[in-house]
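The values are calculated or read from the model by the stated rules, or taken from the named source; none is laboratory data. Here the structure is a predicted model, which means the values were calculated and not measured. Note that we place each Cβ from the backbone using ideal geometry, even for glycine, and neighbour counts take in every protein chain shown.
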Amino acid sequence: MERKYFYFGLTTTIFALGINLISIFGVVSLYVFYGGRIELAVLPFIIIHLLYAFTLPLTAKFTGKLGTRTSMIIGSLLFIMSYFALMFLYEFDFWPVALWIVFNAAAHNFFFLSMHYFFTAFKAFAGDIHHYAYI
């Protein structure tokens, strides 16, 4: 049983590492795309996290009805769709960034809410999760 949770923690950590690496290089790509204007490169990330914060209470019940596994799968697919939209950044100006913001904020709601719920439920079940927090 503990091995299953170890692999879950490891895969979610690797997934989060991939998301963060894409975010770092996304800032660099947007910085180059917008001609060296850092405020335009960082603004989409601020909007994503504000949308995530404001829509989290609205999607929490819906995520709870779907279940942890289904919500994480939907969140993963939304992350893939959001980064796929950025592939068209140099062909179009506004729409790829707008789609990326919407899909990424929705993906944060589905994926990270379920992940935090799962680890909280595991902590209540197992009594201690400190060794998984360091992965």
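Miscellaneous remarks
- Residue-level analysis places residue 113 among those that are closer than 16 Å to residue 19 by Cβ, at pLDDT below 85 and of a type in the set (A, V, I, L, M).
- Enumeration of residues in the stretch 64-82 that are among the aliphatic types (A, V, I, L, M) and surrounded by 15 or more Cβ atoms within 10 Å (Cβ to Cβ): 66, 72, 73, 74, 78, 81
- All positions within the stretch 21-79 that are polar (S, T, N, Q) and without any contact (Cβ under 8 Å) to a residue 12 or more places away in the chain: 70
- Unmet criterion (only one of (1) over 13 Å from the mean Cα position of the chain (by Cα); (2) exposed (fewer than 12 other Cβ atoms within 10 Å of the Cβ); (3) assigned to a helix (DSSP H, G or I)) for residue 6: (2)
- Any hit, the stretch 46-63, residues being assigned to a helix (DSSP H, G or I) and touching a Phe, Trp or Tyr at 6+ places or on another chain (Cβ under 7 Å): yes
- In the stretch 83-100 there is at least one residue that is under 12 Å from the mean Cα position of the chain (by Cα), surrounded by 14 or more Cβ atoms within 10 Å (Cβ to Cβ) and in contact (Cβ under 8 Å) with a residue 40 or more places away in the chain.
- Here 106, 124 are screened, and the one residue that is at pLDDT 80 or above, within 30 Å of residue 6 (Cα to Cα) and either outside any helix (DSSP H, G or I) or not aromatic (Phe, Trp, Tyr) (or both) is 106.
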